[in-house]
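Asker: Below is the structure I would like to discuss, written out as structure tokens.
The values are calculated or read from the model by the stated rules, or taken from the named source; none is laboratory data. Values in this document were obtained by computation on a predicted structure and should not be read as measured data. Cβ sites come from the backbone with ideal geometry, for glycine too, and all protein chains shown count toward neighbours.
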Amino acid sequence: DPFATDPERDPRLRKHSDRPCNAETPASELGTFITPNSVFYVRNHLWVPEVSDADDHRVTVEMGDGSEKEYSVQDLRRLFKEYKVTATLQCSGNRRAHMTAGSRPTNGLQWDVGAIGTAEWTGVRLRDVLTDAGVPVDDLPPHIKHAQFLGAEAYGASIPIEKAVDNRGDVMLVYEMNGQPLPRDHGYPLRVLVPGNVAARSVKWVKRITMSEEESTSQWQRRDYKCFGPNEGTNPDWDRARSIQEMPVQSAITSVEQVSTGGLKDNPAARVYGLEEESFVLEGYAFSGGGREIVRVDVSVDNGRTWQQADLLDNDAGGCKAWSWKQWRFSTPKRQTARWFVVKAVDEAYNTQADSFEPHYNFRGNLASAWHRVPVQLAR
Ligand code: MTE
Ligand code: MO
């Protein structure tokens with residue numbers, strides 16, 4: 001039983017399945033810029049490979065011409081400059097349950113708002129490792145088009161080589177998460193971090209990196225993480241659809257707090273906002289792919305008829321681009337609210353979200369990013 005040695009998980013994680021472990025961060029733990037390791041969502045397709053000693057682990061770089069070079073985690077630490085990058089990982093199935101509810105049944109784990117999280121990652125640049133291994137990163141031969149990654153338990157995926165070698169792409173091999181050794185569920189002792197791309201490409205427990213003309217042939221590259229038209233049914237033309245890399249704009253409401261008149265004086269939120277009457281304080285996140293910064297978050301308290309701007313909270317994320325979510329906050333007098341709170345976000349390219357799920361329906365339930373609506377009556 002390969003699952004027998006899986007690590008213990010924090011009981012606060014919301015489990016969707018046990019073997020393999022798939023568990024999301026509860027909304028109550030999504031309110032901080034950095035998601036603590038213990039409640040960071042876990043998305044495993046198979047078991048957690050057992051590596052008792054980081055020194056036993058090796059990653060092999062295959063140049064594509066038959067030659068290869070091997071590194072231990074120690075080698076990586078010794079040979080290359082260390083970087084810290086703050087980046088959000090989001091599963092392509094985040095909010096799938098909302099697509100199901102707002103449109104039709106979808107295949108896959110029914111994630112709510114918590115298949116996403118942000119961490120500070122420490123490691124070395126893939127670009128530096130490839131250079132050392134002999135890959136001419138600034139003058140790539142035409143047969144190198146993709147960097148394929150293979151995990152120790154057999155999961156595999158790939159990214160376009162341009163992203164892998166981008167000087168400002170921050171693609172890394174990481175061994176620490178939020179200042180701690182990588183937890184086993186998140187790739188101990190070594191994982192790929194591809195900031196700005198769907199989390200499925202950030203391969204955990206990475207043991208092989210291959211320069212290749214083709215994308216990874218794994219089912220996770222060629223099938224699962226693709227999107228289709230609403231009409232394409234359950235057996236679409238898999239080869240014609242692109243594999244998901246950068247993700248569209250996303251946003252969610254993670255908390256609605258009711259600040260009652262009685263509590264106004266003592267409530268810190270009420271003081272911060274200078275609230276003078278019974279109010280709701282809403283919080284959430286917004287995030288876009290490709291390092292595109294979130295520039296605006298709009299909130300509606302009347303089901304999308306009228307909108308106001310939420311406050312975007314400051315953060316001190318390190319990295320070449322906006323690889324991390326923005327947290328936002330919004331307060332509204334209670335007497336103005338109708339039946340639904342709604343949020344949508346805008347990124348630096350002025351991309352925004354669809355108002356409903358049906359136009360983006362795909363039977364896999366990937367990229368569920370329509371406006372997030374929360375009924376006012378659910379507010380605690
Ligand atoms: N890497 C390996 N080796 N095995 C996996 O199952 N899952 C991928 C990606 N990398 C996966 C993997 C998917 S689909 C996601 S969403 C992220 O890891 C989840 O990362 P996390 O569990 O650290 O949150
Ligand atoms: Mo995922």
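Asker: Which residues, taken from segment 170-203, are under 17 Å from the mean Cα position of the chain (by Cα), in a loop (DSSP other than H, G, I, E, B) and crowded, with 23+ Cβ neighbours inside 10 Å?
Answerer: D170, V171, L182, G187, V194, P195, G196, V198, S202, V203
Asker: Something else: Which ones in segment 206-259 are under 25 Å from the mean Cα position of the chain (by Cα), assigned to a strand (DSSP E or B) and within 30 Å of T332 (Cβ to Cβ)?
Answerer: Within segment 206-259, Q250, S251, A252, I253, T254, S255, V256 meet the criteria.
Asker: Something else: Can you run down the residue pairs with Cβ atoms below 8 Å, 6 or more apart or on separate chains, where the first is in segment 55-77 and basic (K, R) and the partner is part of a strand (DSSP E or B)?
Answerer: That search, which allows pairs on different chains as well, returns R58/E70; R58/Y71; R58/S72; R58/K207; K69/T60; K69/V61; R77/V124; R77/Y175.
Asker: Looking only at residues that are in contact with a Ser or Thr (Cβ under 9 Å, 6 or more places away or on another chain) and assigned to a loop (DSSP other than H, G, I, E, B) in segment 151-169, which one is nearest to ligand 2 (Cβ to nearest atom)?
Answerer: Out of the qualifying residues, it is Y155.
Asker: Just to check your reading of the model, which residue among R222, R208 is more than 16 Å from ligand 2 (Cβ to nearest atom) and among the basic types (K, R)?
Answerer: R208
Asker: While we're here: Any idea which of (1) within 14 Å of ligand 2 (Cβ to nearest atom); (2) at pLDDT below 95 is the one Q258 doesn't satisfy?
Answerer: (1)
Asker: Checking P183 against (1) touching a Lys or Arg at 6+ places or on another chain (Cβ under 6 Å); (2) near ligand 1 (Cβ under 10 Å from one of its atoms), which test does it fail?
Answerer: Only one criterion in (1) touching a Lys or Arg at 6+ places or on another chain (Cβ under 6 Å); (2) near ligand 1 (Cβ under 10 Å from one of its atoms) is unmet by P183, namely (1).
Asker: Kindly list, by first and then second residue, each pair from a residue in segment 189-201 that is over 16 Å from N94 (Cα atoms) to a residue that is in a helix (DSSP H, G or I) and at pLDDT below 95, limited to pairs with Cβ atoms under 7 Å and residues at least 6 apart or on different chains.
Answerer: Partner pairs satisfying both residue conditions: P189/A54.
Residue-by-condition table, conditions (1) surrounded by fewer than 20 Cβ atoms within 10 Å (Cβ to Cβ); (2) in a loop (DSSP other than H, G, I, E, B); (3) outside the structural domain of N167 (by TED's automatic domain parsing):
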{"residue": "R271", "(1), (2), (3)": "yes, no, yes"}
{"residue": "A338", "(1), (2), (3)": "yes, yes, yes"}
{"residue": "F341", "(1), (2), (3)": "no, no, yes"}
{"residue": "D355", "(1), (2), (3)": "yes, yes, yes"}
{"residue": "L367", "(1), (2), (3)": "no, yes, yes"}
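Asker: So if I check each of R14, R78, R43, R19, which one is within 14 Å of ligand 1 (Cβ to nearest atom) and more than 19 Å from the chain's Cα centre (by Cα)?
Answerer: So the residue among R14, R78, R43, R19 that is within 14 Å of ligand 1 (Cβ to nearest atom) and more than 19 Å from the chain's Cα centre (by Cα) is R19.
Asker: In this structure, does V113 turn out to be aliphatic (A, V, I, L, M), crowded, with 21+ Cβ neighbours inside 10 Å, within 21 Å of the chain's Cα centre (by Cα) and assigned to a loop (DSSP other than H, G, I, E, B)?
Answerer: Answer is yes for this residue.
Asker: Here's another thing I want to ask about it. Looking only at segment 212-244, count how many residues are farther than 18 Å from V198 by Cβ, outside the structural domain of C91 (by TED's automatic domain parsing) and surrounded by fewer than 18 Cβ atoms within 10 Å (Cβ to Cβ).
Answerer: Counting residues in segment 212-244 that are farther than 18 Å from V198 by Cβ, outside the structural domain of C91 (by TED's automatic domain parsing) and surrounded by fewer than 18 Cβ atoms within 10 Å (Cβ to Cβ) gives 10.
Asker: Tally the residues that are free of Cβ contacts under 8 Å to residues at least 40 places away in the same chain and within 24 Å of E120 (Cβ to Cβ), restricting the search to segment 1-28.
Answerer: Number of matching residues: 5.
Asker: Of all the residues that make up segment 82-97, how many are within 16 Å of ligand 2 (Cβ to nearest atom) and either under 26 Å from P359 (Cβ atoms) or not aliphatic (A, V, I, L, M) (or both)? If you could, list the steps in order and put the result at the bottom.
Answerer: Applying the first criterion (within 16 Å of ligand 2 (Cβ to nearest atom)) to segment 82-97 yields 87-97.
Checking which are either under 26 Å from P359 (Cβ atoms) or not aliphatic (A, V, I, L, M) (or both) leaves us with 88, 90-97.
Looking only at that region, the number is 9.
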